[in-house]
Each structure stands twice: as structure tokens, then as C-alpha cells.
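*Asks:* Sending over a structure as C-alpha cells; questions will come in a sec.
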Amino acid sequence: MTCPPRFQIDFSEQFPTLRNAPIVEAVIQFNAPPTKVIEPTSLRTVLAEKCRGYRIDSQVQSEASFTGSPGNMEVRQKTQWDGLKLTSEDGKHICQWKRTCLIVSRLKPYVSWPDFLQVAMQMWELYREIGDAQLIEAIGVRFISQIPLRDGERPSDFVQKVPLPLKGLGLRSESFFHQDTIPVEGYSFEVRLTRALQAAAETTGSKKQLIVDIDVATTVAITLAELESTLKQMRYIKNKVFFACMKDAEQRFK
């Protein structure tokens, strides 16, 4: 029995550019607790000066607790500041400036990795400068694709493998959610691959949509000097998983 080849990152491998890629959101998350904490009002003032053209909104986190007896229940709600949300003028770039992390998103239409990375790194450099972050505990690179299914189309037309519950009964599910967690052997990365089938928004003209969510994360902390090379490896893994998972992606989304 022949063993499958060991996975290797090979930067000489070229992936096709998809002009009509089904990506609805691309995300880079930097988990890097700041060593210098800035008061929320002061942070907002600094960001308003540094990030002109972005709308800035406060984010809050609410927690509810219940005390008393079933007939005399008292609800207590605690609300605390949970960061700032910056939205670009066109609404395509969103940056969530949290207490211990930075999350940068690009919404559809996704243009290219260099364009997205440029925006993300500009925000990261500002986050690092203001908070004096010294260590990145984890990095996440996540790409979410949505594919509306027309009448007669099935998820198996688009992806290599889909869950088949109750196959022996001859029944087919109307929706599913399937997630695999895959360690990348030989590297300090982990992939969470999610495939889901759910009802589509009315604006798509379809009843169902297939979601393919690829989330690549580091499993160890990295230094600031390792950030560029780490993101390059994570992008390769994301592309490798996408083209391995999808059927005929180059023809379908060209």
C-alpha cells in the first residue's frame, strides 16, 4: 500500500487567479495583547486622526446573570467596552480593534491578496505602535465562500466531499454543517475546514447556498520578525486547501 505524500509548502507552485471567486469575506486576525493600554476615549481620538476616511463605532459586550427564586427572578445585566469598529467609506474593509487582538476583514468583492494584505498590515502596524505589542500569540487567516445553488445543482457538484447522513435510507438532508480540524503535519498550523448547506438570502435568487469556510491558524506564538513569512505560508495553505476541496474552481469562477 502506497502512503500519501507528506504535505509540503512549495512557494514555486502557482495557483490560478479567480476573477469571480465566491469569497464573501476574507479575515486576518492578530492575537497580540498590548503591553501598553490606552483609555477608550483617547484611543478613539488617536484612531480618528490616524484613520481618516473610516467610521469609528464603539463595541460593547453584555453579560446577563440571574438571581432569586423561579417565582421572583432578578436579571442583572453587565455591559463593558469591547473595542472599536472601524469601517471604510465604501464599507468593504472592517477593522475590529479589540482589547487583546486585531481583526481585519475584506468583504466582497474580494480583489486580491496583496491589496487585502496591504490594508491589514497598515492596521497591524498602527495597532502594534499604539499598544506596543511585543509577541503574537496566534494568527488566523480565514476565507469564507458562498455559492448559491440553482435548481438541480447539488453541493457535490462543487466540493469533493460532503456529509451523507442516513445514506442507507435513501434520504437527503435539506441542510448540513460539517467541520474538520486538520493539523498540518510538519508545520505549526491547523486548518478548520467547514462545509455547510443552508437557506440562501432572497436576493441571490436561489433557495440554498453552499458555504466553504477555510480557517488557517497558528498553533504556537510567533515573533514580530516571523510575521511576514508566517502569513505567506498561511496563504499557501489556504490556497492549497481551497483548490483541493473545490471541483473545477478554475473553470467555474474564471
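*Asks:* Between helix 227-245 and the chain, what is the angle of the helix's C-alpha long axis to the longest principal axis, kept within 0 to 90° and rounded to the nearest 10?
*Replies:* 30
*Asks:* Moving on. What are the aspartates and glutamates whose alpha-carbon lies under 12 Å from the alpha-carbon of Lys208, with same-chain residues fewer than 8 places away excluded?
*Replies:* Straight-distance partners of Lys208: Asp151, Glu153, Glu174.
*Asks:* Computing the accessible area with a 1.4 Å probe over protein heavy atoms, can you report the carbon and sulfur percentage for the chain?
*Replies:* 50
*Asks:* If I model a spin label as a point 7 Å beyond the Cα along the Cα-Cβ vector, how far apart are those points for Asn20 and Thr45 in nm?
*Replies:* With each label placed 7 Å out from Cα toward Cβ, I get 5.1 nm.
*Asks:* Take the cross-link list Lys36/Lys98; Lys108/Lys254; Lys108/Lys161; Lys50/Lys92; Lys92/Lys254; Lys161/Lys238 and give me the ones stretching past 24 Å between alpha-carbons.
*Replies:* Table pairs above 24 Å Cα-Cα are Lys108/Lys161.
*Asks:* Also, I was wondering about something else. Taking Rh as the Kirkwood radius computed over C-alpha pairs, what is the Stokes-Einstein D of segment 106-158 at 20 °C in a medium of viscosity 1.002 mPa s, expressed in µm² per second?
*Replies:* D = 148 µm²/s.
*Asks:* Against the longest principal axis of the chain, how steep is helix 40-50, in degrees 0 to 90 to the nearest 10, with axes from Cα atoms?
*Replies:* 70
*Asks:* Which FRET efficiency value, to the nearest 0.05, do you get for Lys78 and Leu135 by plugging their Cβ-Cβ distance into 1/(1 + (r/R0)^6) with R0 = 22 Å?
*Replies:* Efficiency at R0 = 22 Å is approximately 0.15.
*Asks:* A follow-up question, please. Rolling a 1.4 angstrom probe over the protein heavy atoms, how many square angstrom per residue are accessible across the chain?
*Replies:* So the chain comes to 61 Å² accessible per residue, rounded to a whole number.
*Asks:* If one takes the longest principal axis of the Cα atoms in the chain, at what angle in degrees, from 0 to 90 and to the nearest 10, does the Cα axis of helix 113-131 lie?
*Replies:* 30
*Asks:* How much length, in nm to one decimal, is gained on full extension between Glu190 and Gln59, taken as 0.36 nm per residue of separation minus their Cα-Cα distance?
*Replies:* Computed gain between Glu190 and Gln59 is 44.2 nm.
*Asks:* May I ask you to compute the full-extension gain from Lys161 to Ile182, defined as 0.36 nm times their residue separation minus their alpha-carbon distance, rounded to one decimal in nm?
*Replies:* My answer for the length gained is 6.1 nm.
*Asks:* Let me ask something else. Got the relative contact order for the chain handy, in percent, Cα pairs under 8 Å and 6 or more residues apart?
*Replies:* Reported relative contact order: 23 percent.
*Asks:* Using θ = phi - 60° and the Karplus form 6.51 cos²θ - 1.76 cosθ + 1.60, what ³J(HN,Hα) does each residue of segment 134-140 get, whole Hz, x for Gly and Pro?
*Replies:* Those phi angles translate into 10, 8, 9, 5, 6, 10, x Hz.
*Asks:* Name the longest site-free stretch of the chain, where the excluded sites are GluC sites (Glu not before Pro) in a DSSP loop with no more than 12 other beta-carbon atoms within 10 Å.
*Replies:* 90-173
*Asks:* Which semi-axes, in whole Å and largest first, does the equivalent ellipsoid of segment 201-254 have when worked out from the alpha carbon gyration tensor as the square roots of 5 times its eigenvalues?
*Replies:* 31, 15, 9
*Asks:* Still on this structure, please answer the following. Okay, helix-only estimate at 222 nm for the chain: each DSSP H run of n ≥ 4 adds -39500 (n - 2.57), divide by all residues, round to 500 deg cm²/dmol; what do you get?
*Replies:* Estimated from H runs of four or more residues: -6500 deg cm²/dmol.
*Asks:* Taking the Cα-to-Cβ direction at Glu250 and at Arg154 and moving 7 Å from each Cα, how far apart do the two end points lie in nm?
*Replies:* Inter-label distance under the simple model: 2.6 nm.
*Asks:* Per the Debye formula with a single identical scatterer at each Cα and no solvent contribution, what log10 I(q)/I(0) holds for the chain at q = 0.13, 0.14, 0.16, 0.17 Å⁻¹?
*Replies:* At q = 0.13, 0.14, 0.16, 0.17 Å⁻¹ the computed log10 ratios are -0.98, -1.09, -1.26, -1.33.
The values are calculated or read from the model by the stated rules, or taken from the named source; none is laboratory data. These numbers come from a predicted model, not from an experiment. No Cβ is skipped: glycine too gets one built from the backbone with ideal geometry, and neighbour counts run over all protein chains shown. Remember, those area values only see protein heavy atoms, side chains included, never the ligands or the DNA or RNA. Shrake-Rupley method; radii C 1.70, N 1.55, O 1.52, S 1.80 Å.
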